[in-house]
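Note sheet for the following structure.
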Amino acid sequence: MRPNIAIIGAGFGGLCMAIQLEKAGIRSYTIFEKGDNVGGTWRDNTYPGAGCDIPSHLYSFSFEKYSSWTRRFPEQPEILGYLERCADKYGVRPRLRLNTTVVAATFEESLGKWRVRTTAGDELFDVVVSAVGQLNRPQLPDIPGMSTFDGAAFHSARWDHSFDPTGRRVAVIGSGSSAAQLIPKVAEVADHLDVFQRTPNWVIPKADAVFGPGARTAFRRVPFLQRAYREWIYRYAEGTLYPALSGGWSSGPLRKRALEHLRDQVPDPLLRAKLTPDYPIGCKRVVADSKFYPALTRPNVDVVTDRITRIVPGGVQTAAGLREADAIVYATGFETSGFLASIQVIGRGDRHLAEEWKDGAEAYLGIAVPHFPNLFLLYGPNTNLGHSSIVFMIECQVRYIMGCLPQLAARGPMEVRPETMATWRQNLEAAMGRMVWQAGCTSWYKNAAGRVTNNWPGTTTAYRRITRAPRPDAFQFAR
Ligand code: N01
C-alpha cells in the first residue's frame, strides 16, 4: 500500500519531506501551501536586511549542497532562490497546491484516514505531515490606540514595500533578531529612527564574509572542501556554541565576547548601560549582528526604553512623552508556542489537539502525539535550536517519518503510546532543568506559563541518534 500523504507547508520542512518522498519514488503526496510560493519564512520575511545568522553551508540540505553561496551568512533572496531551485530540481511542483490554506484535519476512525479541509475543499489522506514552522504567525502587540495611527504600520514579517523610509520618521518596536537586521538599513535613509527596546538582547559579532569567485570555484571543484567546511561549522556549533548557549562551560567566554563587542561598538556609557542585559546569555535568542550597535549610535537614532503607553495618530506615546512617527514597524516576533493553532486538528476519540496542548505543546521526539494516529510534525515542540541549523533537525525528522511509512503501510495507522510519551516528557523535563532558558527572562522559547515548549535541550548529534529509526514498541498500531 502506498500511503497518500498531505504535507502542510512548503518551507524547508515541507520541501524536505516532499523531496525525500520523490527520492523514494512515492508520488502519492500533496503539499498544501497557504502562500503564493514555496519558501515559508524565507518567502514571508522580506524586510530590508533579512538574512540568516547560521552559515549558509550548514543552513542547507545535506543532500543538496550548494557551492555558490555568495556569503558566509546568506541573505533572504539567496535562501529563497535555493529553496525554489530545490523545488524545481526534485520535481515537487506538480504536487504543490499554492494559495490553499489547511483549516482543519480530522481523523476518521471508521476509515483510518485523515479528512483534510482546505480553502479548496475536503480530501482524505492516510498520513498528515505538518510542516507549518514555529515562526510563521506574526505577533502584533496589544497596545491601546494601535488602530488610530495615521501613518504606515506593519509587522516586520509583512513588510510594506510601498513605504519608503527615506527622509521619514520611523518607530521600530522590538529589538530582537528581526529588528537588529532591519534597523541598520532603515537608519541609513530615515530622517529619524526611534528604537523601542523593552529588554536588551545579548549581541555577538557576526563574522560575515563574501565568497568570491575563487572560493566558490574551489567549493565546486573540490567537494571534499565543501564537506569539510560544513563539518567544521557543525562541530563548532555543537562543541562550543551549544554549551555556551545552554549555560555550560563556554557561556563565560561568549558573555565576555558579547560585552567586548558592546564596548567596542558603543562608546557612550549611557547607551551601553541601556543595551546591557541583566540575565544570563542564551536565555533569550542571542542576536548575531555586527551592524546593529553601530546603527544605534547614529545621530539620527534614539534607543527609547520608556514604557509605551499607547499609540496615537501622530506617533508613540510613552510614559516620558510623545515620540512622533510617520511609520511604525512592529518587529515584535511571532506566536511561537501555539504550533498548529491556526488549524483545527481532531484525533481519535474526538480529541482536539488545542485542548490536549492547553498547558503547552508537546510531542514524542517533537514528531508524534498520542491519540493522533499517522500525524507527524516537522519542527514541532521542543525541536528549536539556539545554536545550530534547524535544517539539520528537519532532515532527522523527515528520515524518521520515512522510516514510519513502511510500518504504517503494513500494520495500519500508528500512534505513539501514552507511556512512551510519559517517559519522553519526564526525560525532557529533567534535561530542561539544566538549561539556561528557564533563568529569569521572557522569550519566545516559552509559553505564557513559562514552560519551554519550543527548544530542544540536547545536542543535535543526540537528536540525530534518537531519531535514527522508529522503534516499533514506541507505537501502537491499528493492526
Ligand atoms: O522576534 P523576537 P524576532 N512592547 O520575539 C519586543 C528568528 N530570526 O522576529 O524581549 C514592546 O525575538 C520584544 O521585547 P521583549 C530567530 O530565531 C532569525 O526578532 O519581549 N516590545 C522583542 O524585543 C529569532 O529569535 C534571524 O521584552 C515588544 C521583540 O519585540 C526569531 O526569528 C532573523 C512587545 C520580539 O523579538 C524571532 O525574532 C530574524 C510590546 N508589546 C528572525 N512585544 C536571523 O537569522 C514584543 N516586543 C538573524
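The values are calculated or read from the model by the stated rules, or taken from the named source; none is laboratory data. Being a predicted model, the structure only gives us computed values, none of them experimental. Ideal geometry is used to build each Cβ from the backbone, glycine not excepted, and the neighbour counts take in all protein chains shown. Heavy atoms of the whole protein, side chains included, go into the accessibility calculation; ligands, DNA and RNA do not. Shrake-Rupley method; radii C 1.70, N 1.55, O 1.52, S 1.80 Å.
Find all pairs meeting these conditions: Cβ atoms under 7 angstrom apart; at least six residues apart or on different chains; first residue within segment 15-29 and of a type in the set (Val, Ile, Thr); second residue open to solvent by 20 Å² or more (accessible area, probe 1.4 Å) and at pLDDT 95 or above.
Cβ pairs passing all conditions: Ile19/Tyr90.
Within segment 23-64, how many residues turn out to be in contact with a helix residue (DSSP H, G or I) (Cβ under 9 Å, 6 or more places away or on another chain) and either under 30 Å from Lys185 (Cα atoms) or acidic (Asp, Glu) (or both)?
Count: 29.
Filter segment 360-372 for residues that are in contact (Cβ under 8 Å) with a residue 60 or more places away in the chain and in contact with a helix residue (DSSP H, G or I) (Cβ under 6 Å, 6 or more places away or on another chain); which is least open to solvent (accessible area, probe 1.4 Å)?
Of segment 360-372, the ones in contact (Cβ under 8 Å) with a residue 60 or more places away in the chain are 360-362, 364-368, 372.
Then keep just the ones that are in contact with a helix residue (DSSP H, G or I) (Cβ under 6 Å, 6 or more places away or on another chain); that gives 364, 367.
Working: Tyr364: 19, Ile367: 1 Å².
Out of the qualifying residues, it is Ile367.
The rows are residues; the columns are (1) within 16 Å of the ligand (Cβ to nearest atom); (2) open to solvent by 20 Å² or more (accessible area, probe 1.4 Å).
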site: Trp42; (1), (2): yes, yes
site: Pro74; (1), (2): yes, no
site: Pro77; (1), (2): yes, yes
site: Tyr90; (1), (2): no, yes
site: Val102; (1), (2): no, no
site: Thr106; (1), (2): no, yes
site: Trp114; (1), (2): no, no
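Of the residues Ile308, Ile281, only one is among the hydrophobic types (A, V, I, L, M, F, W, C), within 11 Å of the ligand (Cβ to nearest atom) and assigned by TED's automatic domain parsing to the domain that holds Phe154; which? Walk me through how you get there before you give the answer.
Details: Ile281 fails: within 11 Å of the ligand (Cβ to nearest atom).
Only one candidate qualifies: Ile308.
Exactly one condition in (1) within 16 Å of the ligand (Cβ to nearest atom); (2) closer than 24 Å to Ala237 by Cβ; (3) part of a loop (DSSP other than H, G, I, E, B) is false for Ile394; which is it?
With (1) within 16 Å of the ligand (Cβ to nearest atom); (2) closer than 24 Å to Ala237 by Cβ; (3) part of a loop (DSSP other than H, G, I, E, B) applied to Ile394, the lone miss is (3).
Determine whether Pro381 is part of a loop (DSSP other than H, G, I, E, B), more than 21 Å from the chain's Cα centre (by Cα) and not hydroxyl-bearing (Ser, Thr, Tyr). Explain how you work it out, then say what you get.
On the way: part of a loop (DSSP other than H, G, I, E, B): yes; more than 21 Å from the chain's Cα centre (by Cα): no; not hydroxyl-bearing (Ser, Thr, Tyr): yes.
No: the conditions fail for Pro381.
From the list Val416, Val436, Val452, which one is modelled with pLDDT of 95 or more, within 20 Å of the chain's Cα centre (by Cα) and open to solvent by less than 40 Å² (accessible area, probe 1.4 Å)? First the steps, then the outcome.
Numbers: Val416 fails: within 20 Å of the chain's Cα centre (by Cα); Val436 fails: modelled with pLDDT of 95 or more.
Selected residue: Val452, the only one of Val416, Val436, Val452 that is modelled with pLDDT of 95 or more, within 20 Å of the chain's Cα centre (by Cα) and open to solvent by less than 40 Å² (accessible area, probe 1.4 Å).
Conditions tested, residue by residue: (1) among the hydroxyl-bearing types (Ser, Thr, Tyr); (2) under 21 Å from Asn4 (Cα atoms); (3) in the same structural domain as Arg307 (by TED's automatic domain parsing); (4) under 17 Å from the mean Cα position of the chain (by Cα).
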{"site": "His57", "(1), (2), (3), (4)": "no, no, no, no"}
{"site": "Glu78", "(1), (2), (3), (4)": "no, no, no, no"}
{"site": "Gly81", "(1), (2), (3), (4)": "no, no, no, no"}
{"site": "Arg95", "(1), (2), (3), (4)": "no, yes, no, no"}
{"site": "Thr100", "(1), (2), (3), (4)": "yes, yes, no, no"}
{"site": "Ala104", "(1), (2), (3), (4)": "no, yes, no, no"}
{"site": "Glu108", "(1), (2), (3), (4)": "no, yes, no, no"}
{"site": "Trp114", "(1), (2), (3), (4)": "no, yes, no, no"}
{"site": "Ala120", "(1), (2), (3), (4)": "no, yes, no, no"}
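With respect to Thr217, is the statement that it is part of a helix (DSSP H, G or I), among the hydroxyl-bearing types (Ser, Thr, Tyr) and at pLDDT 95 or above true?
On the way: part of a helix (DSSP H, G or I): yes; among the hydroxyl-bearing types (Ser, Thr, Tyr): yes; at pLDDT 95 or above: yes.
For Thr217, the condition - part of a helix (DSSP H, G or I), among the hydroxyl-bearing types (Ser, Thr, Tyr) and at pLDDT 95 or above - is met.
Criterion first (closer than 18 Å to Val286 by Cα and either surrounded by 17 or more Cβ atoms within 10 Å (Cβ to Cβ) or not charged (D, E, K, R) (or both)) does Leu262 satisfy it?
So Leu262 fits the description; yes.
Conditions tested, residue by residue: (1) open to solvent by 20 Å² or more (accessible area, probe 1.4 Å); (2) at pLDDT 95 or above.
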site: Ala244; (1), (2): no, no
site: Arg255; (1), (2): yes, yes
site: Ala295; (1), (2): no, yes
site: Arg298; (1), (2): yes, yes
site: Val312; (1), (2): yes, yes
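Collect the residues in segment 314-336 that are farther than 17 Å from Arg168 by Cβ, over 27 Å from the mean Cα position of the chain (by Cα) and open to solvent by 10 Å² or more (accessible area, probe 1.4 Å), keeping them in residue-number order.
First, the residues of segment 314-336 that are farther than 17 Å from Arg168 by Cβ: 317-321, 332-336.
Still in the list and also over 27 Å from the mean Cα position of the chain (by Cα): 317-321.
Listed by number, the residues that qualify are Gln317, Ala319, Ala320, Gly321.
From the set of residues in segment 164-200 that are out of contact with any Leu (no Cβ under 9 Å at 6 or more places or on another chain) and among the β-branched types (Val, Ile, Thr), which is most open to solvent (accessible area, probe 1.4 Å)?
This residue is Thr166.
Are any residues in segment 142-161 under 20 Å from Thr41 (Cα atoms) and of a type in the set (S, T, N, Q), and if so, which ones?
The answer is Ser156, and nothing else.
Looking at segment 339-359, which of its residues are over 17 Å from Ile7 (Cβ atoms), in a loop (DSSP other than H, G, I, E, B), in contact (Cβ under 8 Å) with a residue 12 or more places away in the chain and open to solvent by 10 Å² or more (accessible area, probe 1.4 Å)?
Quick first cut of segment 339-359, residues over 17 Å from Ile7 (Cβ atoms) only: 341, 344, 346-359.
Filter once more, so that each one left must be in a loop (DSSP other than H, G, I, E, B): 341, 347, 351, 357-359.
Narrowing the set further to residues that are in contact (Cβ under 8 Å) with a residue 12 or more places away in the chain leaves 341, 347, 351, 357, 359.
Those that are over 17 Å from Ile7 (Cβ atoms), in a loop (DSSP other than H, G, I, E, B), in contact (Cβ under 8 Å) with a residue 12 or more places away in the chain and open to solvent by 10 Å² or more (accessible area, probe 1.4 Å): Ala341, Arg351, Trp357, Asp359.
If Arg97 passes every condition in (1) within 16 Å of the ligand (Cβ to nearest atom); (2) in contact (Cβ under 8 Å) with a residue 60 or more places away in the chain; (3) closer than 20 Å to Ile19 by Cβ but one, which one does it miss?
Looking at each condition in turn, Arg97 falls short on (1).
Can you give me the number of residues within segment 432-448 that are of a type in the set (Gly, Ala, Ser) and away from the ligand (no atom under 16 Å from the Cβ)?
Filtering segment 432-448 down to residues of a type in the set (Gly, Ala, Ser) leaves 433, 439-440, 443, 448.
From what is left, the residues that are away from the ligand (no atom under 16 Å from the Cβ) are 433.
Final tally of qualifying residues: 1.
Only one residue in Gly151, Gly145 is within 16 Å of the ligand (Cβ to nearest atom), of a type in the set (Gly, Ala, Ser) and in contact with a Lys or Arg (Cβ under 9 Å, 6 or more places away or on another chain). Which one?
On the way: Gly151 fails: within 16 Å of the ligand (Cβ to nearest atom).
Sole residue among the options that is within 16 Å of the ligand (Cβ to nearest atom), of a type in the set (Gly, Ala, Ser) and in contact with a Lys or Arg (Cβ under 9 Å, 6 or more places away or on another chain): Gly145.
Regarding segment 128-137, can at least one residue be identified that is outside any loop (DSSP other than H, G, I, E, B) and surrounded by fewer than 17 Cβ atoms within 10 Å (Cβ to Cβ)?
Taking every residue of segment 128-137 in turn, none turns out to be outside any loop (DSSP other than H, G, I, E, B) and surrounded by fewer than 17 Cβ atoms within 10 Å (Cβ to Cβ).
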